[in-house]
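Throughout, read-outs are computed from the coordinates displayed, never taken from laboratory work. None of these values were measured; they are calculated from a predicted model. No Cβ is skipped: glycine too gets one built from the backbone with ideal geometry, and neighbour counts run over all protein chains shown.
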Amino acid sequence: DAKTTQPPSMDCAEGRAANLPCNHSTISGNEYVYWYRQIHSQGPQYIIHGLKNNETNEMASLIITEDRKSSTLILPHATLRDTAVYYCIVSATGTASKLTFGTGTRLQVTL
Amino acid sequence: DTGVSQDPRHKITKRGQNVTFRCDPISEHNRLYWYRQTLGQGPEFLTYFQNEAQLEKSRLLSDRFSAERPKGSFSTLEIQRTEQGDSAMYLCASGRGQGANVLTFGAGSRLTVL
């Protein structure tokens, strides 16, 4: 699976959009981009995933560049409860696939 | 959907003792994963089951570690002759089908080896 690069930490004011970047320049054609987050003392939580089109769900939006070498997770109106470590993972699908986590981005949402 | 349950949530043991963790996945999920997480690091893959078959094991899983998933339902992770370096959070996750890696994680079992 391709490796990803994320900033170690970011801050965001409550109510503002949080834009979390991820570089995955070695992504293969069959690899998806997944985002998970981990709130302190909990297991990781799935947020969203995509292949090449932009995706939106009730939690977030995922913007993938046309060359698929980078992506941005957008939390449109961050709240204090969004304070967590956010992991960007690229992975192929299929029976033998697994998620390989890096160290992620620690997002701190402040008042 | 009752989520993924892990037991115990916390375990303190002395070096050299054996410990066993249990994971109950979401009932209709056929895929089950074990991960290990140490402070400040992301989760590290340990092993993966498709139904009752163990399809992949990480090099991190030494011969002191064994995982089972009898009948393709709950799973156990046993660590024999624990070492201080085994202190970590052990996470279980489950997923459905053979496609997307949309996994549901449990809250984890925290192991402290004294």
Inset, instruction - Report, in debye and to the nearest 20, how large the dipole of the protein assembly as shown comes out about its Cα centre when Lys and Arg carry +1 and Asp and Glu carry -1 on their Cβ. - result: 560 debye
Inset, instruction - Assign unit charges at the C-beta atoms only (+1 for Lys and Arg, -1 for Asp and Glu), then state the dipole size of the range A:1-68 relative to its Cα centre in Debye, rounded to the nearest 20. - result: 80 debye
Inset, instruction - Give the relative contact order (percent, whole number) for the range A:1-66; include only Cα pairs under 8 Å separated by 6+ residues. - result: 21 percent
Inset, instruction - Search the structure for amide H atoms under 5 Å from the amide H of A:I48, placed 1.01 Å from N in the peptide plane, and list their residues when 5 or more places away or on another chain. - result: A:W35
Inset, instruction - Would you mind giving the mean number of other chain beta-carbons within 10 Å of the Cβ of each residue in B:101-110, as a whole number? - result: 5
Legend entry - Proximal charge balance of B:L77 [Cβ under 12 Å; K/R count +1, D/E count -1]: +2
Inset, instruction - For chain A, build the charge dipole from Cβ charges (+1 Lys, Arg; -1 Asp, Glu) around the Cα centre, then report which of A:T65, A:A92, A:P76 sits farthest towards its positive end. - result: A:A92
Inset, instruction - Quickly rank B:102-111, A:6-15 as a protection proxy: mean count of other C-beta atoms within 10 Å, highest first. - result: B:102-111, A:6-15
Legend entry - Range of Cα positions in chain B per principal axis (Å), largest first: 39, 24, 24
Inset, instruction - Could you let me know the centre-to-centre spacing of the range A:1-30 and the range B:4-23, using Cα atoms, in angstrom? - result: 34 Å
Inset, instruction - Grab the eigenvalues of the alpha-carbon gyration tensor for the protein assembly as shown, scale each by 5, take roots, and send me the semi-axes largest first in whole angstrom. - result: 30, 20, 16
Legend entry - For residues of B:43-56, the mean tally of beta carbons on other chains within 10 Å: 2
Legend entry - Overall dimensions of chain A by Cα: Rg and Dmax, Å: 13.3, 43
Legend entry - Distance between the range B:59-82 and the range A:57-77 - C-alpha centres, whole angstrom: 36 Å
Legend entry - Charge context of B:R36, other residues only, Cβ under 9 angstrom, K/R +1, D/E -1: -2
Legend entry - Under 30 Å from A:K3, Cα to Cα: lysines that are on another chain or at least 8 residues apart: A:K52, A:K69, A:K98, B:K57
Legend entry - Peptide-level mean, for A:67-78, of C-beta atoms on other protein chains within 10 Å: 0
Legend entry - Mean Cβ count within 10 Å, highest first, over the residues of peptides B:53-62, B:71-80: B:71-80, B:53-62
Inset, instruction - Name every cysteine in chain A that ends up alone, with no second cysteine's Cβ under 4.7 Å, or say none. - result: A:C12
Legend entry - Charge dipole magnitude, Cβ of K and R +1, D and E -1 - chain B, Cα centre, debye nearest 20: 300 debye
